[in-house]
Amino acid sequence: MRDQLLKVIVRYPNLAYGGLNCQEYERYNGSSFEHDRKLLYDAIEEFALAVEWLSTKRRQRSCNLNYVCGHIKDDIRKWANHNGNPIQYVSQGATIAAAIALGFRYRSLPFCRFKAAINIANPRPFASGKSVESF
């Protein structure tokens, strides 16, 4: 799993723990690029959970601007906790790296370039507001 993550990190130099376009992210977050890249390299558990969760999801042709990586990472965390794998946080970077490793298409969001949309299909909602595919 670490090898998959490393391949993505090497191939996408603008990807770090906080997301995409790290030069801008660094100015916004105050965290150094090198530090965020190391955090992403060390986020193997987050990456593995994201790969496992995303590998079960349907894809669509275009990137989904209504269900972006910020929502997806929260659903991954909820799913992991629901299935007995307690994790406090899943990063944007680990989520995006997992999507790339699985062959999802992505694009940075025009209103927040650190975040991304991928070509994942919308989850089907329950009447309760939870999604069928979240868990």
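Table for the structure above
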item	result
Å² per residue, accessible surface of the range 75-122 at 1.4 Å	44 Å²
Rounded percent of accessible protein surface that carbon and sulfur make up, the range 28-117, 1.4 Å probe	49 percent
Stretchable slack from Ser62 to Ile87, in nm (0.36 nm times residue separation minus alpha-carbon distance)	6.0 nm
Gained length - Arg11 relative to Ser55, 0.36 nm times residue gap less alpha-carbon distance	13.8 nm
Other-chain or far-sequence residues with amide H under 5 Å of Lys115's (modelled H)	Leu20, Leu109
Relative contact order %, the range 60-115, counting alpha carbon pairs below 8 Å whose residues are six or more apart	38 percent
The range 1-107: mean projected area of Cα convex hull, nm²	6.6 nm²
Gyration tensor over alpha-carbon atoms, the range 33-91, equivalent ellipsoid semi-axes in Å	20, 17, 10
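The values are calculated or read from the model by the stated rules, or taken from the named source; none is laboratory data. Every value quoted in this text rests on a predicted model; they were computed, and no experiment measured them. Surface areas here come from the heavy atoms of the whole protein model, side chains and all, with no ligands, DNA or RNA. Shrake-Rupley method; radii C 1.70, N 1.55, O 1.52, S 1.80 Å.
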